[in-house]
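*Asks:* Have a look at this one.
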Amino acid sequence: MKIAVIIGSTRPGRVGEAVARWVYDIAKQRGDAEFELVDIADFNLPLLDEPIPPSQGQYSQPHTIAWAEKVASFDAYVFVTPEYNHGTSGALKNALDFVYGEWNNKAAGFVGYGSAGGARAVEQLRLVASELQIAHVRNQVMLSLFADFENFSVFKPHPRNEDSVNAMLDQLIAWGGALRTLRENTQEK
C-alpha cells in the first residue's frame, strides 16, 4: 500500500513542512505501508484553470496531468493542514479541486495544526473528502500552536502526539486496504 503524506501549505515560512516531515518520519518506521512525502508547492498549481470539470477526467494542462498522475499513484493520503481563519489553506483546497477520479475510493487521515489544533480545518476537509469519494478515518492528529510550537513557529511536538499519529495510521491502513477491493471492482467495469 502506498500512502502520501501531503504538505497542505505553500506559504513562505510555513511550518507545515516540519509537521509533515515529523509525520513521515513516524510513518516510515512502520512496516505495513510505503510512505511518500508530497509537497503541493512542487506542482505550481495555479487557481483551477481546467476548462472542463475535473469530474470528467479530461485534463488539458501539463501541471494538472502531473498532479493527477501523482494523486493516482497512491492508495491513501495523510493531509497535513494548517488552520487559516477557521478553515484549511486555499492551496490545499485548490489542489483537491484540480482532479476528481484519482481521489475516488481511497482513504484519508488528517493532521491539523493551529490555535484550535486544526480541528476546524479538518472538519472542512472531511466535507470535501466526502464529495471526492475519499473515505476519511475518525482518528486525527491535532497539534496546538500553544503546546506543540515554540513561539508559534518552531515545531516541537509533545511526545504523546506520536501515539495519535500511529492510531490514525492504523485506521488509514486498514481502510485503505479494505477499499482496494472496491477500486479493483470499479476499474474492471
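*Asks:* List every residue pair whose Cβ atoms sit under 6 Å apart, with the two residues 6 or more apart in sequence or on different chains, where the first one lies in the range 65-76 and is of a type in the set (D, E, K, R) and the second, anywhere, is part of a helix (DSSP H, G or I).
*Replies:* Pairs found: D75/G176.
*Asks:* Which one is surrounded by the most Cβ atoms within 10 Å (Cβ to Cβ) among residues in the range 134-171 that are among the polar types (S, T, N, Q) and closer than 20 Å to S89 by Cα?
*Replies:* Top of the filtered list is Q140.
*Asks:* Looking at the range 82-108, I want the residues that are within 21 Å of Q171 (Cβ to Cβ) and have a partner that is among the basic types (K, R) and not in a loop (DSSP other than H, G, I, E, B) with Cβ atoms under 8 Å, at least 6 apart or on another chain. Which pairs are those?
*Replies:* Close Cβ pairs (under 8 Å, with a partner that is among the basic types (K, R) and not in a loop (DSSP other than H, G, I, E, B)) amount to N104/R183; N105/R183; K106/R183.
*Asks:* Give me a count of the residues in the range 145-187 that are within 20 Å of A76 (Cα to Cα), acidic (D, E) and free of Cβ contacts under 8 Å to residues at least 12 places away in the same chain.
*Replies:* Residues in the range 145-187 being within 20 Å of A76 (Cα to Cα), acidic (D, E) and free of Cβ contacts under 8 Å to residues at least 12 places away in the same chain: 2 in total.
*Asks:* Please indicate, with yes or no, whether at least one residue in the range 57-77 is surrounded by fewer than 20 Cβ atoms within 10 Å (Cβ to Cβ), in contact with a strand residue (DSSP E or B) (Cβ under 6 Å, 6 or more places away or on another chain) and within 30 Å of D148 (Cβ to Cβ).
*Replies:* no
*Asks:* Another one. Would you tally the residues in the range 21-42 being in contact with a Ser or Thr (Cβ under 9 Å, 6 or more places away or on another chain) and assigned to a helix (DSSP H, G or I)?
*Replies:* Within the range 21-42, residues that are in contact with a Ser or Thr (Cβ under 9 Å, 6 or more places away or on another chain) and assigned to a helix (DSSP H, G or I) number 2.
*Asks:* Restricting to the range 84-113, name every residue that is buried (at least 24 other Cβ atoms within 10 Å of the Cβ) and over 22 Å from G57 (Cα atoms).
*Replies:* T88, G109, F110, V111, G112, Y113
*Asks:* Let me ask something additional. Whether any residue in the range 17-37 is more than 17 Å from M168 (Cα to Cα) and surrounded by 22 or more Cβ atoms within 10 Å (Cβ to Cβ) is what I want to check.
*Replies:* No, the range 17-37 contains no residue that is more than 17 Å from M168 (Cα to Cα) and surrounded by 22 or more Cβ atoms within 10 Å (Cβ to Cβ).
*Asks:* Please find, within the range 150-181, the residue that is nearest to Y24 (Cα to Cα) out of those that are touching a strand residue (DSSP E or B) at 6+ places or on another chain (Cβ under 8 Å) and of a type in the set (F, W, Y).
*Replies:* Across the range 150-181, the extreme among qualifying residues is F155.
*Asks:* Looking at (1) surrounded by fewer than 20 Cβ atoms within 10 Å (Cβ to Cβ); (2) closer than 18 Å to R21 by Cβ; (3) small (G, A, S), which is the one condition that is false for G118?
*Replies:* (1)
*Asks:* What residue, among those in the range 22-43 that are without any contact (Cβ under 8 Å) to a residue 60 or more places away in the chain and in contact with a helix residue (DSSP H, G or I) (Cβ under 6 Å, 6 or more places away or on another chain), is farthest from T64 (Cα to Cα)?
*Replies:* Applying the filter and picking the extreme gives F35.
We did not get these values from a lab; they are worked out from the coordinates using the rules stated. All values reported here derive from a predicted model rather than from experimental measurement. Heads up, the Cβs are rebuilt from the backbone with ideal geometry, glycines too, and the neighbour counts pull from every protein chain shown.
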